[in-house]
Amino acid sequence: MNKPLNAFMSDMDMFLPGAADGPLDEVTFAAKDIMDIENAITGCGNPDWALTHEPAVKMAPVIEALIEAGAYLKGKTITDELAFSMAGENIHYGTPVNVNAPGRIPGGSSAGSASAVAGEAVDFALGSDTGGSIRVPASHCGIFGIRPSHGRVEISNVMPLAQSYDTIGWFTRNADLLRRVGQVLLDPYGAEKPVSNILIADDAFEMADDAARGALQEQAERIAGIVGASENVRLTKDGLPSIVMPFRYIQSREAWINHGEWIMETKPNLGPGVKERFEFSREVTEEQAIEAHAFRKDFASGLIDLIGDNVVVLPSAPGIAPLLNSTAETVDSFRSRALALTAPAGLAGLPQISLPLCTVDNCPVGISIMGGPGSDETLLALAAKITKA
C-alpha cells in the first residue's frame, strides 16, 4: 500500500478496525504521525524524536472517536518534522507522492495524509493545521481539507507545535464525507445556517500568482452566484504580508517553548527549512511575542466583525505546488506568500475549507471558504452546496 505513494510510516503498520454499525462504518482513514496510539511511538517525522520518546500510554481522543464511529484506521502517515513546514519533503522518510501534480510537492506538514487521500489509499485522513498544514496540502493535491475553528476538535494526546493556532482537521475527496466526518468530530454538531452573502477578499487574491489569479477569481464569482450576493472587501489595512511576522513570532515562540529543551539536549538531525525555523524560534523574545499577541487581538476582533454571518472567499495557496527539490529561495518565497493567506484564520481562530475547484497548467489549486468562529457546520454545508452546484 505504501510503496507507490510513500504516504505511510512503513515502520509502524497499524490497523485498527472500527466499531460495527457506526455512522462511518466501512470508511477507511489514516492519521498523521503526531497523534498518539496506545503502546506505539509517535514519531513526529524525525527518527531522533522516535528514539528519545516512549510509546504512548493513551490513544488520541480524535482517533478514538472515529474508531467508535466505525471508521477503520489503516496507518500513520508521514509528516514534516515536528509539523513545522508547508512543503512535505522529509529528508528522513522521503516525500509523499502528489498524484494530481506529478513531480511537485504535496505540501506539508500533513503531507502523507493528503497524499493518501488523493491517491485513494484511504477515504479520509487526519492532519493538523497550525499555519496552513491542512489547507496548503489540500490545495496542492486537489482534495478537500478543513481547518476547524480553534478548539472545536479535541487535540489532546497530539504533539503540540503552537497551541495558540494548533487544530486537527481532515482531508477527503468529496464534500459529503468531509461533512460526515465533521458530524463525528465536531461535538456537539451544531446548526448549519444559511449563507446569504459572500465576501471576496481582494487583498488575498492579490497574493496569488498571475497564472492562478484569473482561475481563482472566476471560481469566486461562481461561488458568489450560487450563494446569491457578494461584495469585495479587504481583510487587512496594510496588506496581508503585514500580518505574517506577528503570526510567526507567536508560532515560533510557542514552538521553542514546546521543543527547545529537547532540541538543545538531543541535538537532532533536522532537515533544511525546519532547522532554520527552530533557529529563528530560539531567538524570538518574550517582548516580541507580547507585542504580536496585542496585534493579534486587534486584528482578530476586526476580522470577526468584518465577517459577521457572511463567508469569505480567498485562495487556499498562492498558486500550484512548487516543483520537487526546488531551491530554498523558491520554497521560502512560496511559504511567505502562503502564510499571508493562511494567517488570517490562524490569528482569529476561524474555520476554513479548501475546495478543489481550480486547475492551472494541469495542476490543482484550491479556493477557500472561511467563516466566523464556530461556523464550521455552516461551511461544511456550503461546501456540499457549492460542489453539487
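The values are calculated or read from the model by the stated rules, or taken from the named source; none is laboratory data. These numbers were taken from a predicted model, which means no experiment stands behind them. Cβ sites come from the backbone with ideal geometry, for glycine too, and all protein chains shown count toward neighbours.
Within segment 53-80, the set of residues being touching a residue at least 60 places away in the same chain (Cβ under 8 Å) and among the polar types (S, T, N, Q) comprises 77 only.
I'm trying to understand the selection: among the residues of segment 20-34, which are without any contact (Cβ under 8 Å) to a residue 60 or more places away in the chain and either surrounded by 18 or more Cβ atoms within 10 Å (Cβ to Cβ) or among the small types (Gly, Ala, Ser) (or both)? Of everything in segment 20-34, those that are without any contact (Cβ under 8 Å) to a residue 60 or more places away in the chain and either surrounded by 18 or more Cβ atoms within 10 Å (Cβ to Cβ) or among the small types (Gly, Ala, Ser) (or both) turn out to be 20, 22.
Among the candidates 37, 41, single out the residue that is farther than 30 Å from residue 183 by Cβ, of a type outside the set (Asp, Glu) and surrounded by fewer than 24 Cβ atoms within 10 Å (Cβ to Cβ). Reasoning before the result, please.
Values: 37 fails: farther than 30 Å from residue 183 by Cβ.
On inspection, the qualifying residue turns out to be 41.
If the condition is being touching a helix residue (DSSP H, G or I) at 6+ places or on another chain (Cβ under 8 Å), aliphatic (A, V, I, L, M) and part of a loop (DSSP other than H, G, I, E, B), then segment 304-340 contributes 317, 320, 321. When segment 341-364 is filtered for residues that are under 30 Å from residue 163 (Cβ atoms) and either assigned to a strand (DSSP E or B) or modelled with pLDDT under 95 (or both), the ones remaining, listed by number, are 352, 353, 354, 355, 356.
If residue 133 meets every condition in (1) outside any helix (DSSP H, G or I); (2) over 29 Å from residue 215 (Cβ atoms); (3) at pLDDT 95 or above apart from one, which number is that one? So the condition that residue 133 fails would be (2). The numbered conditions (1) in contact (Cβ under 8 Å) with a residue 12 or more places away in the chain; (2) assigned to a loop (DSSP other than H, G, I, E, B) are all true for residue 102 except (1).
Could you identify the single residue in 245, 264 that is surrounded by fewer than 19 Cβ atoms within 10 Å (Cβ to Cβ) and without any contact (Cβ under 8 Å) to a residue 24 or more places away in the chain? Spell out the reasoning first.
Values: 245 fails: without any contact (Cβ under 8 Å) to a residue 24 or more places away in the chain.
264 is the lone residue from the list that is surrounded by fewer than 19 Cβ atoms within 10 Å (Cβ to Cβ) and without any contact (Cβ under 8 Å) to a residue 24 or more places away in the chain.
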